[in-house]
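Read-outs: derived from the displayed coordinates by stated rules, not from any lab. This is a predicted model, so every value here is computed, not measured. Note: ideal-geometry Cβ built from the backbone for every residue, glycine included; neighbour counts use all protein chains shown.
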Amino acid sequence: MAEQKKILLIASHASSLVRFRGDFISHLISNNFKVYTAAPDYTEKNIKDLKDRGAIIIEFNLQRTGLNPINDFKSILELKSIIKNNNIDLVFPYTVKPVIYGSMAANMAKTPVISLITGLGFAFTGLTAKARILQRFNENLYKLSIRKNKYIVFQNKDDYQLFLDRNVISKKQPVAFVSGSGVNLKQFKFLEKNPTDKVRFLLVARLIKEKGIDLYLKAAQILKEKYPKVEFHLIGAPETSPTAISQEELKELHEKSVIVFHGLQRNIEEHLHKNDVFVLPSYYREGLPRTTLEACACGNPIITTDSVGCRESVEEGVNGFLIEPQKLDPLVEAMEYFIKNPEKINEMGINSRKYAEKRFDVNIINQDLLNLISNVI
């Protein structure tokens, strides 16, 4: 048997290694790669899930938000040591800080990198003065870190174009594109919908304003008055972000039966099957939201914004609707369409599943990534 090549996946959340990269890790291991995973703050469950797949766990220190040059430089040096000490053959970082610091560390260790841009987040929205300052700062960090990478993988063409326009990378840089992290079509099974006049909407996201949570809550209040039977479900963990939605507001709306607030949930596919239409009014700079891919696979029509990343999951009028970001009226109108035309829910849901099979099958995406890795090592 050929010698196992060693790949280091670097993440900012240990949980994302299971939820977003679990199938990829299994795919790499089944193709005779030795997989190491580096992240901060593993839980016992994360460790068990990853070890069960065959991964080797490494914990490192990373301040996920904010900027502290001393701590950040320590993270880079720590990653360099991990790469050198384990004789890593290829580094595969994803999300902002792991891509920047992981690429810097790998360059210092003279180890090839394939970096995955999973969305540019709040800093690249340009919505506030702080965001614009962060964008310029992050652009410079990306320029310093990723220019030598063997491939930069994007989840949408908009992010690639922005990197070209802002001179972060050049047209000579090798790039590739994948449709998000993909979705396991066996896990997220298709179930036909049988909607009645009690249409159920669902939003699953981080509970921050940029994800459109406040718009969803306002739409729920407007529509609940007109259609008392309709339900508005919301899933997400409490947030400490400056733009977090207040838990008091969520509790109050839940107690008034305007929304059904579930907090953090692990069994997302069950909730997708129980509900009819998936809603994500995000104006965050997404890569390609995993939740919309899962909703497509389960057979939910999608209402999301005609904005970066989000628009990739909808064929307008076929499996859902694209609405203008940060606008309440188009959201209410799109939701009301399904309340008035419940027979369209199953029809568009079937189209969602077909679209997922065509574009978002995790096996296709993982094989595309494996081909890139094989080209490099």
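Please give the calculated 222 nm ellipticity per residue for the chain, where each DSSP H segment of at least 4 residues contributes -39500 (n - 2.57) and the sum is spread over every residue; nearest 500 deg cm²/dmol? Write down the numbers at each step before the final one.
Numbers: 14 runs with 167 residues, N = 377.
Roughly -13500 deg cm²/dmol at 222 nm, from the helical runs in the chain.
Restricting to Cα pairs below 8 Å that are 6+ residues apart, what does the relative contact order work out to for the chain? Please round to a whole percent.
Relative contact order of the chain: 15 percent.
Nearest-5 percent of antiparallel DSSP beta bridges in the chain? Spell out each step's value before the answer.
Values: 2 of 44 bridges.
The answer is about 5 percent antiparallel.
List the relative contact order of the range 67-200 as a percent without decimals, with contacts defined as Cα pairs under 8 Å and 6+ residues apart. List each step's numbers first, then the result.
Values: 162 pairs, mean separation 24.7, N = 134.
Over the range 67-200, the number comes to 18 percent.
Here's how it looks for VAL153: its modeled amide H is under 5 Å from those of SER115, LEU116, ILE117, ALA176, which are all 5 or more places away or on a different chain.
Looking at the chain as a GNM with Cα springs under 10 Å, which of PRO98, PRO289, PRO69 has the largest mean-square fluctuation? So, out of PRO98, PRO289, PRO69, the one fluctuating most is PRO69. The distance linking the range 220-239 with the range 240-303 is 10 Å (Cα centroid to Cα centroid, whole angstrom).
Build a GNM of the chain with springs between Cα atoms under 10 Å apart, and of ILE100, ILE58, ILE303 the one that fluctuates most is ILE58.
How much of the pair distance distribution for the range 200-359 lies past 23 Å, counting alpha-carbon pairs only, in percent? Don't jump to the answer; show the numbers that get you there.
Details: 3770 of 12720 pairs.
Summing the P(r) tail past 23 Å for the range 200-359 gives 30 percent.
Exposed loop sites here mean GluC sites (Glu not before Pro) with a DSSP loop assignment and at most 11 other beta-carbon atoms within 10 Å; the chain contains its longest site-free run at 4-191. At q = 0.26 Å⁻¹, work out log10 I(q)/I(0) for the range 211-295 with the Debye formula, treating every Cα as an identical point scatterer and leaving solvent out; two decimals please. Ignoring solvent entirely, the Cα scatterers give -1.62. Since only ILE7, PRO69, THR37 are under comparison, the one whose Cα sits farthest along the positive direction of the charge dipole of the range 4-73, derived from C-beta charges on Lys, Arg, Asp and Glu, is ILE7. When the charge dipole of the chain is built from unit charges on Cβ atoms (+1 for Lys and Arg, -1 for Asp and Glu) and taken about the Cα centre, the candidate among VAL277, ALA297, GLN173 whose Cα reaches farthest toward its positive end is GLN173. Computed from backbone phi with θ = phi - 60° and the Karplus coefficients 6.51, -1.76 and 1.60, the 3J(HN,Hα) list for the range 241-258 is 4, x, 9, 5, 6, 5, 5, 5, 5, 5, 5, 5, 5, 5, 5, 7, 6, 6 Hz; x is used for glycine and proline.
Considering only alpha-carbon pairs that sit under 8 angstrom and 6 or more positions apart, the relative contact order computed for the range 200-359 is 24 percent. Each pair of Cα atoms in the chain enters the Kirkwood radius, and Stokes-Einstein at 4 °C and 1.567 mPa s then converts it into a translational diffusion coefficient of 60 µm²/s.
For the pair ILE364 and ARG206 in one chain, pulling the backbone fully straight at 0.36 nm per residue adds 54.1 nm over the alpha carbon distance.
The 3J(HN,Hα) values that the Karplus relation (6.51, -1.76, 1.60; θ = phi - 60°) gives for the range 6-11 are, in residue order, 9, 10, 10, 8, 10, 10 Hz. Gly and Pro appear as x.
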